[in-house]
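Novice: Mind looking over this structure? Questions follow.
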Amino acid sequence: MRGVLAALLLLLAGWLPPSAPLLADERILAYRSDIEVLDDGAMRVEETIRVRAEGAQILRGIFRDFPTDYRDPLGNRYRVGFELLEVARDGHPEPHHTRRLDNGIRIYAGEEQRRLERGEYTYTIRYLTDRQLGFFTDHDELYWNVTGNGWGFPIEQAEARVTLPRGIPINRIRVEGYTGLRGARGEDYRAWVDSEGRARFETTRPLGPGEGLTLVATWPKGYVREPGRGERLGWLLDDNRDGAITLAGLLLLLVYYTFAWRRAGRDPAAGVIIPRYQPPADHSPASMRFVRNMGYDQKAFSAALVNMAVKGYLGIQESDDGQFTLEKSGATPRLAAGEGAIASALLGDGTRRIELRQANHDRLGRALKAHRRSLSADYEKRYFDTNRGYLVPGLLLSAGVMLLGVLSLPEARRETAGLMSVWLGFWSIGVFTLLRSAANSWRSASRGTGRHGRALLQTLFTLPFLAGEVLGIGVLFSEGSAPLTLGLLLLTGVNIAFYQWMKAPTLIGRRLLDQVEGFALYLSVAEQEELDFKHPPERTPQLFERYLPYAIALDLEQRWGERFSSLLHTGGRLPTALVPGQRLAWTGHQRLRLRPRQRSLADHPAGPPVLVDHPGPAAAVLRWAGGRAGTRVRTRIGHPSPKIDSTRQPLPRLITTVLHIAAKLLVRNSMMTTMTLRRRALFVCSTSPLS
């Protein structure tokens with residue numbers, strides 16, 4: 001058996017190259033650190049490292065990693081000072097060089113072209129460092145990792161000697177330490193203060209790979225100069241130059257935008273607002289919304305479509321599968337300039353019908369753009385000014401601040417931090433747009449003018465983008481810095497805010513807005529408050545229909561509908577529908593169906609009545625109309641006097657609700673056909689028309 005083992009060993013030895021040792025027992029035989037704490041708080045350190053080299057890991061010399069970059073509990077970076085004084089091997093100067101790491105400096109001792117022979121070598125590294133001491137209320141402290149925890153081979157014995165300033169009583173010096181892996185609290189060491197007042201530490205067992213020795217020495221205050229507040233502030237600014245740059249840039253950006261806002265963004269003083277019973281002459285609902293918001297959104301497009309239907313230019317049909325179609329009626333009413341642009345884009349090439357479906361999103365998108373261009377040409381600059389030119393210097397200033405902040409980071413972090421800063425700058429704007437749209441949807445749903453399902457879907461669509469925002473912020477925080485991350489978010493927020501605040505109406509625009517607000521005041525009053533007005537127009541179905549597009553444009557469709565909820569209590573006639581030749585009826589299960597238009601209940605032809613069954617699932621609609629949750633309404637349309645269950649919600653209010661929902665449904669479909677998921681991903685989405 002012994003002969004077989006010997007043969008196997010000889011065979012293995014024959015396959016190994018002559019230069020490879022059978023046992024590469026490389027290790028640190030002794031590690032000694034002499035630390036001198038100076039009166040000004042700096043430290044002079046001499047490390048003596050005796051190693052055994054076998055040509056495995058120690059080929060040309062050794063390297064020593066010295067950490068210099070740390071983070072305080074607030075996430076601020078601070079960098080300790082480090083100055084390399086000397087590197088020697090066996091008492092003679094040794095060629096060396098350094099390389100910057102993410103969190104410190106690596107010292108290479110040795111020559112690249114020269115390999116070491118096997119044997120024992122003693123390396124000496126001398127350096128100066130500062131900002132290593134802790135200054136507390138009743139004592140000063142040195143917390144020092146003597147050996148580090150990055151060595152890949154054992155350390156047979158480690159020791160440290162700390163020389164403190166003269167005059168410190170020996171009995172006032174306290175010493176303790178730790179051994180083991182990073183963060184461990186091992187007690188395999190001895191610590192004492194010798195007769196010369198030096199704190200002494202040494203291990204009582206060999207340290208394995210990755211293990212180290214850490215010492216703690218404390219002494220009374222007054223023997224080492226403590227840095228003052230000004231010096232600490234200087235260190236903070238120097239260590240966090242990216243934070244100082246972004247803070248200074250943010251203040252400069254605020255100063256610039258404040259000056260620009262005072263120069264061009266302040267709104268003229270509003271006039272006296274009095275109720276107006278008619279909209280401003282020669283202004284369409286969409287144009288009033290465009291001037292009021294000083295910008296375009298898809299609800300302006302929806303208000304224009306509803307107004308075109310009210311005028312009789314458009315007809316709307318719904319198929320059995322819920323597909324809506326716009327059809328030119330043949331009437332030639334006078335359309336507003338913006339509405340004419342929509343008509344030309346949708347039906348100007350001889351087309352009489354267009355379905356509101358995804359396949360036609362290009363044509364609908366062109367109509368929306370044409371409407372926006374028409375309103376901009378007629379109203380922008382004349383009635384309000386967006387002052388976009390003032391945003392260009394602000395954006396350039398923000399980009400310059402971020403560039404300087406990234407360049408102030410350590411070189412190893414610049415590339416990642418720069419890429420994340422650029423990406424987050426654009427991504428944050430898109431996420432802000434999505435969050436605002438989702439918030440508006442929930443706000444509309446809570447008011448009864450929107451749908452909770454739509455708000456939920458929009459929120460679920462936004463969540464992945466929000467997760468990407470959080471992930472990007474985390475990457476920039478870890479790879480860059482906390483001040484740079486916070487600065488980017490603040491700079492982005494300031495630019496977004498002043499994009500809105502810089503918009504200002506002109507003097508003629510302010511007068512138009514006063515008229516619009518007066519008309520909005522009339523549209524928004526409650527039914528019982530109308531008695532306080534002088535000579536208000538008679539509430540008729542025709543009045544409701546004529547002003548409904550304006551109510552939609554001014555976000556007052558709910559209040560306007562509530563005022564007509566009791567119109568038929570005294571035998572009034574059904575409101576005319578928005579679609580020529582059609583009227584809207586409620587047929588149950590929250591479905592809107594189109595029936596032949598009738599002017600009143602008495603005009604309905606004889607025949608099978610249309611059943612209106614509104615059970616519990618539509619309770620939200622009844623709550624909007626003022627009814628109770630779970631109310632069940634059953635009636636038959638087609639008889640002169642509709643009968644309603646006693647104590648139930650009146651039918652006229654339900655019909656008003658139907659008209660309101662019809663307008664909203666038209667808005668929703670026109671919006672959905674002009675926006676693809678691809679555009680959403682590219683953040684070309686705006687506020688939902690249902691908002």
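Novice: To the nearest 10 Å², what's residue 380's accessible area with a 1.4 Å probe?
Specialist: The value for residue 380 is about 40 Å².
Novice: Oh, and also: Once fully extended, how much extra length lies between residue 117 and residue 415, figured as 0.36 nm per residue of separation less the alpha-carbon to alpha-carbon distance? Walk me through the numbers before you get to the answer.
Specialist: Values: separation 298, 0.36 × 298 = 107.28 nm, distance 4.06 nm.
Gain on stretching residue 117 to residue 415: 103.2 nm.
Novice: Cβ neighbours within 10 Å, averaged per peptide: list 271-279, 105-113, 85-93, 61-69 in order, most packed at the top.
Specialist: Working: 271-279: 14.6, 105-113: 16.1, 85-93: 12.9, 61-69: 18.3.
Per-residue mean Cβ counts within 10 Å order the peptides as 61-69, 105-113, 271-279, 85-93.
Novice: Roughly speaking, to the nearest percent, how much of region 331-471's 1.4 Å accessible area is carbon and sulfur? List each step's numbers first, then the result.
Specialist: Values: 4710 of 7490 Å².
Using a 1.4 Å probe with all protein chains present, region 331-471 comes out at 63 percent carbon and sulfur.
Novice: Right, next: Search the structure for amide H atoms under 5 Å from the amide H of residue 27, placed 1.01 Å from N in the peptide plane, and list their residues when 5 or more places away or on another chain.
Specialist: Result for residue 27 returns 52.
Novice: Got a sec? Charge dipole of region 318-383, +1 on Cβ for Lys and Arg, -1 for Asp and Glu; which of 329, 344, 358 is way out at the positive end?
Specialist: 344
Novice: For region 326-438, how big is the tail of P(r) above 22 Å, as a whole percent of Cα pairs? Don't skip to the end; give the middle numbers.
Specialist: On the way: 3914 of 6328 pairs.
That fraction is 62 percent.
Novice: Label-point separation (nm) for residue 103 and residue 65, each offset 7 Å from Cα along Cα-to-Cβ?
Specialist: Each label point lies 7 Å from its Cα, and together they span 0.8 nm.
Novice: Another question, if that's okay. Run the numbers for residue 56 and residue 508: contour at 0.36 nm per residue of separation, minus the present Cα-Cα distance, in nm. Kindly include the intermediate steps, with their values, before the conclusion.
Specialist: Values: separation 452, 0.36 × 452 = 162.72 nm, distance 8.50 nm.
Separation in residues times 0.36 nm, less the Cα-Cα distance, equals 154.2 nm.
Novice: Given a 1.4 Å probe and the protein chains all in place, what does the accessible area of residue 204 round to, in Å² to the nearest 10?
Specialist: Surface accessible to solvent at residue 204 totals approximately 80 Å².
Novice: Please compute the length gained on full extension between residue 489 and residue 277, using 0.36 nm multiplied by the number of residues separating them and subtracting their Cα-Cα distance. Provide the component values of the computation, followed by the final result.
Specialist: On the way: separation 212, 0.36 × 212 = 76.32 nm, distance 4.59 nm.
Fully extending the segment from residue 489 to residue 277 adds 71.7 nm.
Novice: Find out how many positive minus negative residues lie around residue 373, taking Lys and Arg as positive, Asp and Glu as negative, among other residues whose Cβ is under 14 Å from that of residue 373. List each step's numbers first, then the result.
Specialist: Details: positive: 366, 369, 372, 381; negative: 339, 378, 380.
My count for the surroundings of residue 373 gives +1.
Novice: Determine the sum of side-chain charges near residue 265: Lys and Arg each +1, Asp and Glu each -1, restricted to other residues whose C-beta is under 13 angstrom from that of residue 265. If you can, show how the numbers build up before the last one.
Specialist: Numbers: positive: 262, 263, 266, 388, 503; negative: 267, 385.
Spelling it out: positives minus negatives among the neighbours equals +3.
Novice: Taking the simple approach of a point 7 Å from Cα along Cα-to-Cβ for both residue 202 and residue 399, what is their distance in nm?
Specialist: 6.5
Novice: Check each of the trypsin sites (Lys or Arg not before Pro) in region 323-379 and keep only those in coil by DSSP with at most 12 other C-beta atoms within 10 angstrom; list them in order. Numbers along the way, then the final one.
Specialist: Details: sites: 328, 334, 352, 353, 357, 363, 366, 369, 372, 373; in loops: 334, 352, 357.
Answer by residue number: 334, 352.
Novice: Return the FRET efficiency for the residue pair residue 542, residue 432: r is the Cβ-Cβ distance, R0 is 41 Å, and the value is rounded to the nearest 0.05. Walk me through the intermediate numbers first.
Specialist: Numbers: r = 43 Å, r/R0 = 1.04.
Once rounded, the FRET efficiency stands at 0.45.
Novice: How big is the dipole moment of region 116-166 about its Cα centre under a simple scheme where the beta carbon of each Lys and Arg is +1, that of each Asp and Glu is -1, and everything else is neutral? Debye, nearest 20, please.
Specialist: The dipole magnitude comes to about 160 debye.
Novice: Please give every one of the aspartates and glutamates within straight-line cross-link reach of residue 311, meaning a C-alpha to C-alpha distance under 13 Å, and leave out same-chain neighbours fewer than 8 residues apart.
Specialist: 339, 545
Novice: Got a number for carbon plus sulfur as a percent of region 146-270's accessible area, 1.4 Å probe?
Specialist: On the way: 3530 of 6840 Å².
Carbon and sulfur atoms account for 52 percent of the accessible area of region 146-270.
Novice: Quick one: ranking 254, 213 by accessible area, 1.4 Å probe, largest first, what do you get?
Specialist: Values: 254 65, 213 0 Å².
Of 254, 213, the descending order of accessible area is 254, 213.
Novice: With the Cα gyration tensor of region 155-267 in hand, give its eigenvalues times 5 under a square root as the equivalent ellipsoid semi-axes, listed largest first in whole angstrom. It would help to have the intermediate numbers written out before the result.
Specialist: Details: eigenvalues 528, 92, 17 Å².
The three semi-axes for region 155-267 are 51, 21, 9 Å.
The values are calculated or read from the model by the stated rules, or taken from the named source; none is laboratory data. For clarity, every value in this text was computed on a predicted model and none was experimentally measured. Here the Cβ is made from the backbone with ideal geometry for all residues, glycine too, and neighbour counts use every protein chain on show. SASA here: full protein model, heavy atoms, side chains in, ligands and nucleic acids out. Shrake-Rupley method; radii C 1.70, N 1.55, O 1.52, S 1.80 Å.
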